[in-house]
Amino acid sequence: MTDYPITPPPELVQQWINENPGQSLPLATRAAQWGADQELEACCEWFVRDWTDIETADKLRAARRPKPPSLKEQALIALESLQHRTTDPNIVEPIRRALEALPE
């Protein structure tokens, strides 16, 4: 099995330091996330290599690294909240139609 180090290379750590001078917590958080991402990718590669199971690898990656909701999805969620506060559908429906017409 290929070795997957979970310690970021020094060049990457230096880049993070340069981007956030004097902030050790974000650096630690970024390093932990980087290591976790390396481990996740190693697991996904194992599924594909040993089981030729690309679908499971993709499901694992999606479950462990979910994408945040898009701006459109966030707006639709906020609109749901607004809809519960008003009795006039003429306020909400045009906004909903406009949001739903937007690409993802």
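The values are calculated or read from the model by the stated rules, or taken from the named source; none is laboratory data. Note that the structure is predicted; figures quoted are calculated from it, not measured. Because the Cβ atoms are built from the backbone with ideal geometry, glycine has one as well, and the counts that use them run over all protein chains shown.
For every residue, the table says whether it meets (1) among the aromatic types (Phe, Trp, Tyr); (2) assigned to a helix (DSSP H, G or I).
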| site | (1), (2) |
| --- | --- |
| Pro21 | no, no |
| Leu27 | no, yes |
| Gln33 | no, yes |
| Glu39 | no, yes |
| Ala42 | no, yes |
| Trp46 | yes, yes |
| Ala63 | no, yes |
| Thr86 | no, no |
| Val92 | no, yes |
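Taking each residue of segment 39-55 that is closer than 20 Å to Pro5 by Cα and looking for partners that are of a type in the set (Gly, Ala, Ser) and surrounded by 13 or more Cβ atoms within 10 Å (Cβ to Cβ) with beta-carbon atoms closer than 8 Å, six or more apart or interchain, yields Cys43/Ala57; Cys44/Ala57; Glu45/Ala57; Phe47/Ala57; Val48/Ala57. Within segment 50-72, the set of residues being surrounded by 11 or more Cβ atoms within 10 Å (Cβ to Cβ), at pLDDT 90 or above and charged (D, E, K, R) comprises Asp58, Lys59, Arg61, Arg64, Arg65, Lys72. For segment 73-94, a tally of residues being more than 27 Å from the chain's Cα centre (by Cα) and surrounded by 12 or more Cβ atoms within 10 Å (Cβ to Cβ) returns 4.
Yes or no, residue by residue, for (1) among the acidic types (Asp, Glu); (2) in the same structural domain as Ala32 (by TED's automatic domain parsing):
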position	(1), (2)
Val48	no, yes
Glu55	yes, yes
Leu60	no, yes
Leu76	no, no
Gln83	no, no
Asp88	yes, no
Ile95	no, no
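Among the conditions (1) more than 30 Å from Cys43 (Cβ to Cβ); (2) over 15 Å from the mean Cα position of the chain (by Cα), Glu55 misses just one, which is (1). The residue list Glu45, Glu39, Glu11 contains one member that is out of contact with any His (no Cβ under 9 Å at 6 or more places or on another chain), loosely packed, with under 11 Cβ neighbours inside 10 Å and among the acidic types (Asp, Glu), which is Glu11. Scanning segment 73-84 for residues that are at pLDDT 90 or above and outside any helix (DSSP H, G or I) yields a count of 0.
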